[in-house]
Amino acid sequence: MSNPSLSGPSMNIVDPDPRALLIELFHVAVATAQPARVLADFLPANRTQSALVIGAGKAACSMVSCLEQHWPGPLRGLVVTAYGHSEPLQRIEVIEAGHPVPDAMSERAAKRILALVASLGADDLVICLISGGGSSLLALPAPGISLADKQDINRALLKSGATIDEINRVRKHLSAIKGGRLGLACTPARLLTLAISDVPGDDPATIASGPTAADPSTSSEALSILQKYRLPIPSAITAWLKNPVSETPKPGDSRLCNNDYRIIASARHSLEAAARQAQQAGFNTLLLGDDISGESRDVAREHAALALAIAKGSGPVSPPCIILSGGETTVTVRGDGKGGRNGEYLLALANSLRGTPGIYALAADTDGIDGAGDNAGAVLTPDTWQRARERSWDISKELENNNCYPLFRDLEDLLITGPTRTNVNDFRAILILPHTTN
């Protein structure tokens, strides 16, 4: 489906186009998190000095591009981004690597970045650009652990229903570069980390598994997480996690005292911008938070109950209104279908609403990729349930099979944007128009 321009007039409640309005709000959220809008404000005053630039994430190239425009001094360095997310840079090299599962290029990029920061002095400046996806893109297994072992554990965790915080606790303790280890490698140089947060709570130790941030989690916690989800654990990983050497640098570690960490964009800022846009268009807004987590289908059921209450006049706001939320839900894979957590959320929402008139929704990942598909997410309309039945889709069965992508593709309701080159996690909006129930 096509994407409306954000430069035109806002929608209004006299004759709203629900699809266009929801897509407009999504693009407002994405635009708010673009490095071109925010990064320059966080740079040091002295921009004539020489700087070594490193980084990882889906927004790596857009962050570097902005840095190059606002830094007249000498720059050199290397960043890594996901396949299909690179763009031409003037002074910094870029490598593409695997996401959400690391590959050989992820390992190569990590080794090269560690080599770049080796032997720096106290007068050197390192600028580290971090964004969502960086954990997979910057992957160097800890001693004794193979890349294949890390890949297998990563795949298993992604299907297990583990939270992003749990996944990152494991990743950090199986890595030779994450969990603050890259920060240690930069010592004694001055280190400035600029990060776009894609995690609930905006915790530096969790964003991209915190390569430059002190890590409060422990190796024993990482092992407990693998055991909690009953994942097969290679003996090399068990042995490493039980080795005291596997521990990451903790908060207060003096070796990280020369580090400055700044979050330049987050889900909260993007959701607030979308809320302002909706209010200007004449809609009441309800912001549920930027840190929603849990199973996608469970969150959808809760949001459906809230939407139905509002439609009946017993909710915290009155129609016409828009419910906004962000964060990162999870999917415990039970079937063999195709899709991502935002599509699953919408499928579960449809299963609960069952065609209730006047309720529309959009759920999409701000990086432009929901799961491993080519779509950012999808749009739900009041007639989704009926149109699906007419095309012989059983939404309940497809939900159990985790098969959201083919259904929304068949209904021509996928939201396809391509890589946005930023990432502040999921964006969800539910639009409720007046007189939706009898």
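Tabulated results
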{"read-out": "Of residues in the range 51-78 being among the polar types (S, T, N, Q) and surrounded by 15 or more Cβ atoms within 10 Å (Cβ to Cβ), the one farthest from Ala275 (Cα to Cα)", "value": "Ser65"}
{"read-out": "Single residue of the range 201-243 satisfying the filter (of a type in the set (Ser, Thr, Tyr) and assigned to a loop (DSSP other than H, G, I, E, B)) that is farthest from Arg181 (Cα to Cα)", "value": "Tyr229"}
{"read-out": "Breaking point among (1) without any contact (Cβ under 8 Å) to a residue 40 or more places away in the chain; (2) farther than 15 Å from Asn423 by Cα, for Glu107", "value": "(1)"}
{"read-out": "From Leu67, Leu120, Leu89, Leu75, residue being among the hydrophobic types (A, V, I, L, M, F, W, C) and more than 21 Å from Val38 (Cβ to Cβ)", "value": "Leu120"}
{"read-out": "Those residues of the range 40-75 which are of a type in the set (Asp, Glu) and under 24 Å from the mean Cα position of the chain (by Cα), in sequence order", "value": "Asp41"}
{"read-out": "Tally of residues being over 16 Å from Ile167 (Cβ atoms), touching a residue at least 24 places away in the same chain (Cβ under 8 Å) and not in a helix (DSSP H, G or I) across the range 244-263", "value": "12"}
{"read-out": "Selection count where residues are in contact with a Pro (Cβ under 9 Å, 6 or more places away or on another chain) and surrounded by 24 or more Cβ atoms within 10 Å (Cβ to Cβ), scope the range 37-50", "value": "0"}
{"read-out": "Output for the range 2-44, where each listed residue is in a loop (DSSP other than H, G, I, E, B) and either at pLDDT 95 or above or at positive phi (or both)", "value": "Ala33, Gln34, Leu43, Pro44"}
{"read-out": "Residue count for the range 287-314, restricted to those that are in contact (Cβ under 8 Å) with a residue 12 or more places away in the chain and part of a loop (DSSP other than H, G, I, E, B)", "value": "7"}
{"read-out": "Positions within the range 218-270 being touching a Gly at 6+ places or on another chain (Cβ under 6 Å) and either open to solvent by 30 Å² or more (accessible area, probe 1.4 Å) or of a type outside the set (Ser, Thr, Tyr) (or both), in sequence order", "value": "Ala236, Trp240, Pro249, Leu256, Asn259, Ala267"}
{"read-out": "Of the criteria (1) open to solvent by 10 Å² or more (accessible area, probe 1.4 Å); (2) over 14 Å from the mean Cα position of the chain (by Cα); (3) under 28 Å from Pro35 (Cα atoms), which one Ile127 fails", "value": "(1)"}
{"read-out": "Members of the range 22-36 found to be small (Gly, Ala, Ser) and either out of contact with any helix residue (DSSP H, G or I) (no Cβ under 6 Å at 6 or more places or on another chain) or crowded, with 20+ Cβ neighbours inside 10 Å (or both), listed by number", "value": "Ala29, Ala31, Ala33"}
{"read-out": "Among (1) within 30 Å of Leu191 (Cβ to Cβ); (2) touching a strand residue (DSSP E or B) at 6+ places or on another chain (Cβ under 7 Å); (3) among the charged types (D, E, K, R) - the single one Glu295 does not satisfy", "value": "(1)"}
{"read-out": "Residue count, the range 173-198 (criterion: touching a Gly at 6+ places or on another chain (Cβ under 9 Å) and open to solvent by 10 Å² or more (accessible area, probe 1.4 Å))", "value": "2"}
{"read-out": "Test for Arg334: is it open to solvent by 50 Å² or more (accessible area, probe 1.4 Å) and modelled with pLDDT of 95 or more", "value": "no"}
{"read-out": "Within the range 199-215, considering residues that are of a type in the set (Ser, Thr, Tyr) and at pLDDT below 95, the one surrounded by the most Cβ atoms within 10 Å (Cβ to Cβ)", "value": "Ser209"}
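The values are calculated or read from the model by the stated rules, or taken from the named source; none is laboratory data. In this text the structure is predicted, and so the values were computed from the model without any measurement. When we count neighbours, we look across all protein chains shown, and the Cβ atoms used for this are built from the backbone with ideal geometry, even at glycine. Ligands, DNA and RNA are stripped out before the accessible areas are found, and what is left, the full protein with its side chains, is counted by its heavy atoms. Shrake-Rupley method; radii C 1.70, N 1.55, O 1.52, S 1.80 Å.
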